[in-house]
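What follows is a single structure, written as structure tokens, with notes after it.
Where a number appears in this text, it was derived from the coordinates with a stated rule and is not lab data. None of the values given here were measured: they were computed from a predicted structure. We place every Cβ from the backbone using ideal geometry, glycine too, and count neighbours over all the protein chains shown.
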Amino acid sequence: MNMKPLLACTSASAFLLCADFAAAQVNFSLDKASYGSSENVVASWTNGLGNANDWVGIYPRGVTPIPGSSAYLYVNGTTSATVGVVDGSVTFTPVDLPGPGSWTAWYLIDEGYTPAAEGVDFDINIDVMLDSFSLDKASYVASENIIASWTNGPGNANDWIGIYPRGVTPSSGSSAWLYVNGTQSVTAGVVEGSVTFSPVDLPGAGDWAAWYLLEDGYTPAAEGVDFTIINDSASIVSFSSSSQFIGNDPITLSWSVDDVGGNAAIQNLTLDDGVNPSIDVTLLTSIDVNPAGNTDYTLILNGGADTRLISVFKDTGSSAAFSLDWTIYTPEEDVVVRWADTTGGSYDWIGIYKLGDIPGSVSSTSWNYLDGTQVGGGFFPSGSMSFAPFPEGDYFVVLLLNDGYTIEQGPIRFKVSQSGRIRFKVTQVSYDQANQQVTITWTSSPNRTYAVFYSDDGKFNFDADVDDSVVSAGDTTSLTFSNPVPGAQRLFFRISENGP
């Protein structure tokens, strides 16, 4: 009578003992140590544990079983668990297998990653099914065609030629591909023939390998053929800005261009902002700009042979149309966004991004439609929304139109800091005696108003005001006003923040 090993252990050392005990019970093997790429791999065992969720996983040799096996089957021989099998086998077909390489098969326990036996190493080798597979050259410039040829092929209509980065085993996501008929639509098999990859089909400069692959799968019919593509045309290497946000001072746009050691002509290089006439910057490597608002700058090489885009933003600050309660939050505070008299479309949305991220290029850190959900619907030209607290860092918020990335309102920058907001206080008082002008500066919050009171009796009876509705200028606000009591020996001032 076979007894199922006890595997529910409470310490690391006990766990290892249980795994060893399981290993001593199950005999696990493969039918061969080396396989061709068109062969089945049969894994067998005796005296198994009988769990329906036990499974056989294949991993790269040297990798301990973890989530993400290269292939797997439950002990019933399928990818859906049904019944346990004490003595049995499973068969991996070529379509199940990861392709040529060095691998290890493991018997793993109950949907987990604990081995019931030692892993069994094996190799998958390429079955050469062609007399020859070759390229017309080993090195190409980026403007050249690449011709892949073969003789005495299998003649399958859905055999195909795939191009992958050198050293990468063929799998989903080739860098370029064509069926053996030279198109991307299956028609008829070609026993002896060739296909031509034009420059527009190819992935660009780099080190690559071409593979003849069987029947819409990833099984090679011959060894891959390495080749290199060398850039022969000028290209933009980099395009950056000294700051993502525009302040009072200009920001610098910088770029570099590769002319392939002087062998590729740079005919023209222009900078376009979508509003003003393009600027010829062929002889420049940087330029200072100071746009009035959010602007997309496009660097265009040789009439569009290569382009790069940079977006820069103007921090709008809070306004009646779009606002935050604060510009500094703690990691425990919700971020509340308000808007008024906007388009309010069903799929207009508010996105919060990390500083440096570009809407449309990088996913937002958090977002909702104006109805407060990620479903959308309704008409909300005015409203408010709370976002759960964010980790410490710098962010900005924008209101975007119709599921796209056109900014209708914002951006407004804000910070999340454990130290929180600066305490409300007066930071400076100055008096221009010649003109009898008083200037007071204090820390403030956006989207707030303040009242400035004064007293001249020394009893701090602040029953007179200079201005009871001073609009916040952001993190600090200043007010300059005439001396309310000319000739007074001393004056006292008090500033209070009005309610929302």
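A compact table of results
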read-out	value
Hull-based mean projected area of segment 176-235, where the convex hull spans the alpha carbons, in square nanometres	4.8 nm²
Compactness of segment 426-497 as Cα Rg over 2.2 N^0.38 Å, two decimals	1.09
Relative pair counts by distance (%), Cα atoms of segment 322-416, 5 Å bins	3, 15, 28, 26, 18, 9, 1
Kirkwood estimate for the chain, i.e. one over the average of 1/r between Cα atoms, Å	30.1 Å
For segment 381-460, the fraction of alpha-carbon pairs in successive 10 Å shells from zero, as %	11, 29, 26, 18, 13, 3, 0
Dipole of segment 187-311, positive direction: furthest Cα of Ala264, Ser198, Gly303, with charges on the beta-carbon	Gly303
Separation of alpha-carbon centers, segment 354-387 and segment 77-141, rounded to whole Å	45 Å
Normalised convex hull volume, segment 12-125, alpha-carbon set, Å³ per residue	88 Å³
Ratio Rg/Rh [Cα only; Rh per Kirkwood] for segment 132-230	0.92
Test item: Cα-centred dipole of segment 219-320, Lys/Arg +1 and Asp/Glu -1 on Cβ, debye	280 debye
Expected-Rg normalisation [2.2 N^0.38 Å, Cα atoms] applied to segment 300-345	1.92
Over segment 57-189, equivalent-ellipsoid semi-axes from the Cα gyration tensor in Å	37, 17, 13
Stokes-Einstein diffusion coefficient of segment 218-372, Kirkwood radius over Cα pairs, 20 °C, 1.002 mPa s, in µm²/s	111 µm²/s
Net charge contributed by nearby residues that have their C-beta within less than 15 Å of Gly376 (K/R +1, D/E -1)	-3
Residue-averaged 222 nm ellipticity for the chain, from DSSP H runs of 4+ at -39500 (n - 2.57), nearest 500	-1000 deg cm²/dmol
Cα-based helix-to-principal-axis angle, 12-25 vs the chain, degrees rounded to 10	20 degrees
Rg ratio (alpha-carbon, reference 2.2 N^0.38 Å) - segment 235-314	1.09
